[in-house]
Amino acid sequence: MRITEIPYIRKKHHELQQDIFSRQSIGSRANCPACHSSAEQGVYEDDLVKIPE
């Protein structure tokens, strides 16, 4: 199963527009570290999210 198919992940990201994930700085929904700077440590706190331009 892809991370983008996990119901919890889909619910947390459902309000984001698809074009956000198409940005060159992000690339796809599977590129968690693009917005979650602490993803490598397994930390996905909402307060730490920064969506790049």
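We did not get these values from a lab; they are worked out from the coordinates using the rules stated. Computed from a predicted model, the values in this text were never measured in an experiment. Neighbour counts are summed over all protein chains in view; Cβ atoms, including those assigned to glycine, are modelled from backbone coordinates with ideal geometry.
With basic (Lys, Arg) and in contact with a Lys or Arg (Cβ under 9 Å, 6 or more places away or on another chain) as the only criterion, which of Arg2, Arg23 stands out?
Values: Arg23 fails: in contact with a Lys or Arg (Cβ under 9 Å, 6 or more places away or on another chain).
Result: Arg2 is the single residue among Arg2, Arg23 that is basic (Lys, Arg) and in contact with a Lys or Arg (Cβ under 9 Å, 6 or more places away or on another chain).
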query: Do we have any residue at all in segment 13-28 that's among the basic types (Lys, Arg) and within 10 Å of the chain's Cα centre (by Cα)?
result: no
task: Within segment 3-53, track down each residue that is part of a helix (DSSP H, G or I) and small (Gly, Ala, Ser).
output: Ser22, Ala34, Ala39
query: What pairs come up if the first residue lies in segment 22-33 and is within 10 Å of Thr4 (Cα to Cα), the second is exposed (fewer than 14 other Cβ atoms within 10 Å of the Cβ) and charged (D, E, K, R), and their beta carbons are under 8 Å apart, counting only those six or more places apart or on different chains?
result: Ala30/Arg2
- request: Please state which one of Glu45, Glu53 is touching a residue at least 24 places away in the same chain (Cβ under 8 Å), charged (D, E, K, R) and exposed (fewer than 12 other Cβ atoms within 10 Å of the Cβ).
  value: Glu53
